[in-house]
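Shown next, in structure tokens, is the structure this report addresses.
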Amino acid sequence: MDGYEARRREMVETQIAARGIDDPRILSAFLRVPRHLFVPASERVYAYSDQPLPIGHGQTISQPYIVAEMCALARLEGGERVLEVGTGSGYAAAILSHLAAEIYSVERIGVLAEHAAKLLRDQGYENVQVLHGDGYRGLPEHAAFDAVILSAAPPEVPSPLLEQLSPGGRLIAPVGRENQYLQVYRKTEKGFQRRIYGAVRFVEMKHGFS
Ligand code: SAH
């Protein structure tokens with residue numbers, strides 16, 4: 001067991017399980033993904049601490065617990081096709097790859113998309129595709145999705161993302177400008193059911209790509 005593995009175990013126990021996430025599949029995914037490889041070398045000592053960390057370009061890798069909470073809200077069982085908006089480091093995509101069948105992750109900053117794609121490929125995450133583009137339009141060419149997870153906060157939920165949900169599918173998103181709340185939309189026969197959860201703090205979801 002390397003030092004990172006011990007710290008990862010502690011992270012899962014104290015930050016995720018202790019806060020009420022008990023799905024063994026989710027806990028196992030967090031035990032398996034080496035978070036220290038998804039942060040810059042200068043941040044590596046903090047890789048398993050209870051916080052977001054800078055990954056360059058003004059962006060951050062999310063706090064582990066919030067990634068776990070969003071995965072729990074998505075209720076993934078293993079066979080799903082998932083869209084993530086905001087690949088960033090690729091960490092959340094790596095976690096999702098253990099929880100669902102096919103992951104499409106879109107990132108608007110080209111260098112981040114390239115870096116994450118290479119990292120995921122080198123580590124053998126074969127069911128993840130990273131695409132460079134603007135997540136506001138979703139990925140109509142790969143729709144429909146059983147779950148859509150936003151790793152950046154739009155002022156309101158972009159309608160193309162709701163349209164790309166499959167029947168029964170769920171969209172999990174931080175929504176708002178200064179004050180953001182985690183929201184879950186579920187597509188039912190009668191339309192969308194929405195539930196609003198606690199306050200969160202994500203980077204802004206921006207338009208266009210570079
Ligand atoms: N899930 C990431 C979190 C990265 S932070 C991780 O685990 O590291 C959010 C990311 O969303 C940033 O990289 C940012 O560039 C990206 N982003 C913001 N607006 C976007 C958009 N419209 N389309 C795609 N990605 C976007």
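The values are calculated or read from the model by the stated rules, or taken from the named source; none is laboratory data. Here the structure is a predicted model, which means the values were calculated and not measured. All Cβ positions, glycine included, derive from the backbone under ideal geometry; neighbour counts span all protein chains shown.
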All but one of (1) within 26 Å of GLN183 (Cβ to Cβ); (2) touching a strand residue (DSSP E or B) at 6+ places or on another chain (Cβ under 9 Å); (3) charged (D, E, K, R); (4) more than 11 Å from the ligand (Cβ to nearest atom) hold for ARG19; state the number of the condition that does not hold. (2)
Restricting to region 88-105, give me the number of residues that are in contact with a Ser or Thr (Cβ under 7 Å, 6 or more places away or on another chain) and within 6 Å of the ligand (Cβ to nearest atom). 2
Let me confirm something: among GLU141, GLU77, which residue is of a type outside the set (A, V, I, L, M, F, W, C), more than 13 Å from the ligand (Cβ to nearest atom) and over 18 Å from GLN164 (Cα atoms)? GLU77
Give just the number: which of (1) surrounded by 21 or more Cβ atoms within 10 Å (Cβ to Cβ); (2) within 12 Å of the ligand (Cβ to nearest atom) does ALA117 not satisfy? (2)
Regarding region 36-45, can at least one residue be identified that is crowded, with 16+ Cβ neighbours inside 10 Å and more than 17 Å from GLY88 (Cβ to Cβ)? no
Among the residues of region 53-104, count how many are without any contact (Cβ under 8 Å) to a residue 24 or more places away in the chain and assigned to a strand (DSSP E or B). 2
So SER42 ticks every box in (1) without any contact (Cβ under 8 Å) to a residue 12 or more places away in the chain; (2) under 14 Å from the mean Cα position of the chain (by Cα) but one. Which box is left unticked? (2)
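Give me the strands (runs of 3 or more DSSP E) completely within region 140-202, filtered to those with at least 2 residues that are crowded, with 18+ Cβ neighbours inside 10 Å and touching a helix residue (DSSP H, G or I) at 6+ places or on another chain (Cβ under 8 Å), ordered by residue number. Before the answer, list the steps.
Working: elements: 145-150, 165-175, 180-188, 191-200.
It comes to 145-150, 165-175, 180-188.
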Can you go through GLU69, GLU84 and tell me which one is under 12 Å from the mean Cα position of the chain (by Cα), within 16 Å of the ligand (Cβ to nearest atom), acidic (Asp, Glu) and crowded, with 23+ Cβ neighbours inside 10 Å? GLU84
Single unsatisfied condition, ARG8 versus (1) surrounded by 15 or more Cβ atoms within 10 Å (Cβ to Cβ); (2) of a type in the set (D, E, K, R); (3) more than 16 Å from the ligand (Cβ to nearest atom): (3)
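Within region 46-57, is there a residue that is under 10 Å from the mean Cα position of the chain (by Cα) and either within 13 Å of the ligand (Cβ to nearest atom) or modelled with pLDDT under 95 (or both)? Give the derivation first.
Of all residues in region 46-57, those under 10 Å from the mean Cα position of the chain (by Cα) come to none.
Checked against the condition, which is being under 10 Å from the mean Cα position of the chain (by Cα) and either within 13 Å of the ligand (Cβ to nearest atom) or modelled with pLDDT under 95 (or both), region 46-57 yields no hits at all.
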